Amino acid sequence: MKYLMSEYQYFLKREKGLSQNTITAYLRDLDQYRLFIEKTYEITKIHKVERKHIEAYLKFMHKKSMSSKSMSRKLTAIKGFHQFALSEKETDTNVAYDIESPKIEKTLPQVLSIPEVVRLIEAVKGSDPLALRNQALLELIYGSGLRVSELLDLKTSDIHLLDGYVRIVGKGNKEREVPLGEMSVLALRVYLTKSRNQLTMGNVDYLFLNQDGKRLSRQGFFKILRKLAKSAGIEQDVSPHMLRHSFATHLLEAGVDLRTLQELLGHEDIQTTQIYTHISQKHLKDVYLNTHPRAKEKE
């Protein structure tokens, strides 16, 4: 099956137009599946895989206490791979076609309150190159609701400060233009004029660089967030996606309509955006219960 995975990688990139991050995740899931099939059943040809083998793999993942969400994602990758094998005439049927995905428990993403976001941004201290970079990072990801991959893949040519927008290449290589707020413009202008040229070590087009002058990695950004959250006294495990969730929730609470939010976030399906209406309602209720003097019975 390994050789077929190489063909599938090309198909996902050229035919489906998926992002490199999505392709990498698919192939990682499929490689784990392939290894299980080969080691457990000594099967190396996809036409010899039967439904029972895939069901056994699902049971194997369940015994390892894997979440329903992760199992569902892996099964999606497996179904797509078997469908590709069928289209390439490597097998006569897609044995994974009608296998039901595990039911996913719906959990609402965590968000920060506006005061917490402010504290997080204000936790950036100093005027050295890295501090100015961190200020721009936070203002941009929260101010425009970007995915972490979109943020770190930005090139300097994608930023249009005079016109007040940033050009994003999102999932499926789909482009969109997202407005820049005044605080984002200010932070980016300071970073570009006073900081970035001290970090760059050559012809690097990426907007956000690490201390070695290379593209800032996901791991590097996670470390920055954890450190700043600790300094800001935020107990939650702050992630880049939490800032995107916060951006969406705060806009809804301010009266932004769902269609506009869908465009800003780059969601293909508005149902994906609708989860934020539930987050917003819960967040408003929590704020009310915690602040209104008559919301709770006195102890």
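The values are calculated or read from the model by the stated rules, or taken from the named source; none is laboratory data. The shown structure was predicted, so the numbers you read here are calculated from the model rather than taken from an experiment. All Cβ positions, even for glycine, are placed from backbone atoms using ideal geometry, and neighbour counts span all protein chains on display. Side chains are part of the model used for accessible areas, which takes the heavy atoms of the whole protein and leaves out ligands, DNA and RNA. Shrake-Rupley method; radii C 1.70, N 1.55, O 1.52, S 1.80 Å.
Worth a mention:
- For the pair segment 229-275 and segment 1-67, the centres of their Cα atoms are 32 angstrom apart.
- Cα long-axis angle, helix 51-63 against the chain (0 to 90 degrees, to the nearest 10): 40 degrees
- With N counted as the residues of segment 106-152, its alpha-carbon radius of gyration over 2.2 N^0.38 Å works out to 1.30.
- Helix 218-231 axis, angle to the chain major axis (alpha carbon atoms, nearest 10°): 40 degrees
- Extension gain (nm, one decimal) between ASP205 and LYS59, 0.36 nm per residue minus Cα-Cα: 48.0 nm
- Electrostatic bookkeeping for LYS171 treats Lys and Arg as +1 and Asp and Glu as -1; over the other residues with beta carbon under 10 Å from its beta carbon, the sum is 0.
- Accessible surface of segment 79-235, 1.4 Å probe, proportion on carbon and sulfur as whole %: 49 percent
- Rounded to the nearest 10 degrees, the inclination of helix 68-87 to the longest alpha-carbon principal axis of the chain is 50 degrees.
- Computed on protein heavy atoms with a 1.4 Å probe, the accessible areas place TYR276, TYR10, TYR206 in the order TYR10, TYR206, TYR276, largest first.
- Percentage relative contact order, the chain, counting C-alpha pairs under 8 Å, at least six apart: 16 percent
- Accessible area (Å², per residue) of segment 155-217, counting only protein heavy atoms and a probe of 1.4 Å: 61 Å²
- Measure of compaction for segment 12-126 (Cα Rg per 2.2 N^0.38 Å): 1.44
- Local net charge near HIS160, Cβ-Cβ under 14 Å (Lys/Arg +1, Asp/Glu -1): 0
- Summing Lys and Arg as +1 and Asp and Glu as -1 over all other residues whose Cβ lies under 11 Å from the Cβ of ASP237 gives a net charge of +1.
- Counting only DSSP H runs of at least 4 residues, each contributing -39500 (n - 2.57), and dividing by the residue count of the chain, the helix-based mean residue ellipticity at 222 nm comes to -18500 deg cm²/dmol.
- Heavy-atom accessible area per residue - segment 1-78, 1.4 Å, Å²: 62 Å²
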